Amino acid sequence: MLEIDKLTLSLGPRHWQFDLSLNTHGIYALLGRSGSGKSTLLNLIAGFMHPDKGDIRWQGESLLSLEPAERPVTSLFQQQNLFNHLTVRQNVGLGIDPGLKLSDRQILAIQSVLEDVGLAGHENKLPGSLSGGEQQRVALARSLLRRRPILLLDEPFSALDALTRQEMTALLRQLIETYKPCVIMVTHDEDDATAMQAEVLRLVDGRITREG
């Protein structure tokens, strides 16, 4: 279980207090107006920001003392953060070793996850030769390869055209069934929540409410 316990943060005039408990294998869509704090919550969970008070616990253990790389969290953003001079295989491999000193076993794991996201045969291509949807598949493969139990999605498909977005949403839903992480997806589109069969969370006036 992911527990967000009276987590408070103030940035100038803005103030948030997050209280939330999420199931280990749940899928949650976080909706709210622009600037409401949706990405702020993801950054707090990932460790990129630090709260004023409160706690974040995974399976009963606090995460606050852990650096981002040490947390059981992986993230997928609207911007894929791919390196154009590295191949698809190398970009994915960064998820497990920033120095790309990969063992044979790790290379096989990369190949397996590329097959999962439909990119078999693209291993040696550079990102610039890929479509937007294919680039996002590379970023998704890198996130999945880390096998972290918490997956944070920050508007990951909003820059894609409607058909590609539909395809990526279906693929992500399928992969979540396989990998079974706890997923929090920030989105402005309620159709995304429906397509992901997600429980809806709404962020209003610095606090989260649940639907259903």
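The figures follow:
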{"item": "Failed item, numbered, when P51 is tested on (1) open to solvent by less than 70 Å² (accessible area, probe 1.4 Å); (2) of a type outside the set (D, E, K, R); (3) at pLDDT below 95", "result": "(3)"}
{"item": "Test: residue in segment 183-200 that is open to solvent by less than 60 Å² (accessible area, probe 1.4 Å), on the phi > 0 side of the Ramachandran plot and more than 13 Å from the chain's Cα centre (by Cα)", "result": "no"}
{"item": "Filtered residue count, segment 123-146, keeping only those that are under 14 Å from N84 (Cα atoms), touching a residue at least 24 places away in the same chain (Cβ under 8 Å) and open to solvent by 10 Å² or more (accessible area, probe 1.4 Å)", "result": "9"}
{"item": "When residues of segment 157-178 are limited to those that are among the β-branched types (V, I, T) and open to solvent by less than 60 Å² (accessible area, probe 1.4 Å), the one nearest to the chain's Cα centre (by Cα)", "result": "I176"}
{"item": "Which listed residue is assigned to a strand (DSSP E or B) and out of contact with any Phe, Trp or Tyr (no Cβ under 8 Å at 6 or more places or on another chain), from R137, R202", "result": "R202"}
{"item": "Scan of segment 97-110 for residues that are within 20 Å of the chain's Cα centre (by Cα) and either of a type in the set (D, E, K, R) or open to solvent by 60 Å² or more (accessible area, probe 1.4 Å) (or both), ordered by number", "result": "D97, P98"}
{"item": "The listed residue being over 23 Å from P68 (Cβ atoms), in a helix (DSSP H, G or I) and touching a residue at least 40 places away in the same chain (Cβ under 8 Å), out of L171, L175, L108", "result": "L171"}
{"item": "Evaluation of D154 against (1) buried (at least 19 other Cβ atoms within 10 Å of the Cβ); (2) in contact with a Lys or Arg (Cβ under 6 Å, 6 or more places away or on another chain) (one fails), failing number", "result": "(2)"}
{"item": "Filtered residues of segment 69-96 (kept if part of a helix (DSSP H, G or I), at pLDDT 90 or above and either open to solvent by 60 Å² or more (accessible area, probe 1.4 Å) or polar (S, T, N, Q) (or both))", "result": "E70, R89, Q90, N91"}
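The values are calculated or read from the model by the stated rules, or taken from the named source; none is laboratory data. Note that the structure is predicted; figures quoted are calculated from it, not measured. Note that each Cβ is placed from the backbone with ideal geometry, even for glycine, and that neighbours are counted across all protein chains shown. Just so you know, the surface numbers come from the protein's heavy atoms only, side chains and all, with ligands and any DNA or RNA stripped out. Shrake-Rupley method; radii C 1.70, N 1.55, O 1.52, S 1.80 Å.
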